[in-house]
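This report concerns only the one structure given below.
Rule-based calculations on the coordinates, nothing more; no lab input. This structure is a prediction, so every number in the text was calculated from the model and none was measured. Quick reminder, even Gly has a Cβ in these numbers, built from the backbone with ideal geometry, and neighbours come from all protein chains shown.
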Amino acid sequence: MGRRDFEDDPDAPAANSLVPAASVVVVDGAGCVLLQRRSDNGMWALPGGAMCLGESLEECAVRETKEETGIDVEVLGIVGTYTNPRHVFAYDDGEVRQEFSICFLARPLGDEAGPLTVSDESTDVRWFAPEEVDALPMVPSIRKRVDDWRHGRMPAIR
């Protein structure tokens, strides 16, 4: 399913759903961050997704990271809470989603080097040194989360 991101765009469609979600900054022992290249928009992103009924947001973060990258993680803390009502995702099926997203900080469990795996939501999964992230195509909301982590800005509300 295709997705288009709108952020602070006056021509964005109005949201018709609100979905709790988790994203995850996974950092390995060398300080590299785990990113996936999304199949729906070609941009690099943190692992993450919508919370399922019956799970906590932390469980969502762990599940989504495993599903999207093949890596098991342990959640260490929270990078921030992201709730911009002017940022919506328009999906091909007509859903226009405003997310309530908690971005978690996590570390990989076991062998950090792999096996990295792609999912139906990604075309590539890799570890990047923090300074490599600047050159990657990324939507502004994900770049903000990565930058908040990189620069030690871990706000309570964003």
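Using 0.36 nm per residue and subtracting the Cα-Cα separation, the extra length available between ALA129 and LYS66 on full extension is 20.6 nm.
Among ASP5, ASP93, ASP28, sorting on how many other beta-carbon atoms sit within 10 Å of each Cβ, with the fewest leading, yields ASP93, ASP28, ASP5.
Considering only SER23, MET138, PRO85, and ranking their Cα positions along the charge dipole of the chain that arises from unit charges at the beta-carbon of Lys, Arg, Asp and Glu, the one farthest toward the positive end is PRO85. With contacts taken as Cα pairs under 8 Å at a separation of at least 6 residues, the range 19-129 carries a relative contact order of 38 percent. Of the peptides 42-52, 9-19, the order by per-residue mean of other Cβ atoms within 10 Å, starting with the highest, comes out as 42-52, 9-19. Relative protection proxy for 63-75, 133-145, from highest mean packing down: 63-75, 133-145 (other beta-carbon atoms within 10 angstrom).
So, with +1 on the Cβ of K and R and -1 on the Cβ of D and E, and no other charges, what is the size of the charge dipole of the chain about its Cα centre, to the nearest 20 debye?
Here the chain has a charge dipole of around 400 debye.
Diffusion coefficient of the chain by Stokes-Einstein, Kirkwood radius over Cα pairs, 4 °C, 1.567 mPa s: 82 µm²/s.
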